[in-house]
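I have placed the structure first, in the form of structure tokens, so that the comments after it can refer back to it.
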Amino acid sequence: MAFTTITAENPWNDLNLARQVYQACMHRRGALRAGFSDPDHDPIPEWAEPDTSTRVFDFIKNAQMFVNRVYSWFYDPSEELHGSASPDLTPLDIYKGDPETGKPDDTSPFRRVPEGTLPPSHDQWEAQDWTGYSRGMIQPNDAAGPWLWADLFSVIGKLTRIADSGSYTAAVENREDHSFGQQSASPPPYAALSGSVVLPLVTTYCPFFQVAMRREVFAGTAAEMTIQMLIVEREYYSAADVTATNKLVVFPQGDYPGAAFGFAAADMGKTATRDPLSTREENGRHYFRAAFCDPASLIGASRESIISAVVPWGGINFLFTSSSAQYMVTDYVFPDGDISASAG
């Protein structure tokens, strides 16, 4: 769905337009509540659904206030998540220019016509650079017109990507395998990692994924491999007609990629995405789990297939791979648009 297309003929006090804005903002509020895992998070309390007694000025001001308070918690939905050389996602910047609409750079997304300024004509109001416009939130005695609704629809429509890189309730697999054999001119055949992956829940923060292999040779041959894996879980918003696409975004770095992890050498040092391992619902709230790689991919895989390295005749060989950046990302498609049929 899409917001109603605003024209010069739209009434300033159109209740359906206000309901579209309110519904869209409430969906974004729900997404933020899930992103913070806080059902009580409310960036603009005491904002009631509009009805025929609602003052239009107050409603527009509250809607603009909502956008100004929440936009910094959203990320640029147009940014490609896979393959970037930067480990950081781009926050949404509602003040940058928009070549499609002609909005000037470094300006508020909200146009206003101050008291004493002649309002634009039917043919002028759409021009973002019309000379009569000022920028910022609506003020008392401003002239009212279709630009107020058009700007709200435009900026609210960009509030669709939530991303977080904080701490999570997590699950850690820590497995150590030891092999001992006589010192020889070639490495011994290291066994597969058999058995079930057990992921006990923990509440401490640790890296999303790291794997370390240490082979130490002294008084015989000892080979040790330690894998530490973190399964992260994050809440996402679910409601009627809302679609959520969840991803884990990582920035793999290290001495080797490892085929079991799904990375080639060319992938190292670039962002990569991982789909959820699973989703679950509890008490009406929805969660997804993700990881650097699927734990099942490490079961039944030989050590050589995970790490391609030559065991030194003596000394210590230490190899390490981790993700230096990680985001749990949810891209939403909200049912923005005309709700006159459901409004009764």
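The values are calculated or read from the model by the stated rules, or taken from the named source; none is laboratory data. Computed from a predicted structure; not experimentally measured. Here the Cβ is made from the backbone with ideal geometry for all residues, glycine too, and neighbour counts use every protein chain on show. Heads up: the accessible areas ignore ligands, DNA and RNA and are worked out on the full protein's heavy atoms, side chains in. Shrake-Rupley method; radii C 1.70, N 1.55, O 1.52, S 1.80 Å.
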Of all residues in region 103-162, count the ones that are out of contact with any Asp or Glu (no Cβ under 7 Å at 6 or more places or on another chain), part of a loop (DSSP other than H, G, I, E, B) and among the aromatic types (Phe, Trp, Tyr). 3
Quick one: count up the residues across region 265-281 that are at pLDDT below 85 and surrounded by 15 or more Cβ atoms within 10 Å (Cβ to Cβ). 2
Residue that is within 22 Å of Ile162 (Cβ to Cβ) and surrounded by 13 or more Cβ atoms within 10 Å (Cβ to Cβ), where the choices are Phe74, Phe59, Phe110: Phe74
Which residue, of Arg28, Arg69, is assigned to a helix (DSSP H, G or I) and open to solvent by 80 Å² or more (accessible area, probe 1.4 Å)? Arg69
Among the residues of region 116-140 satisfying the criterion of being farther than 21 Å from Asn10 by Cβ and at pLDDT below 95, which is most open to solvent (accessible area, probe 1.4 Å)? Thr131
Has region 221-236 got at least one residue that is open to solvent by 20 Å² or more (accessible area, probe 1.4 Å), in a strand (DSSP E or B) and at pLDDT 80 or above? yes
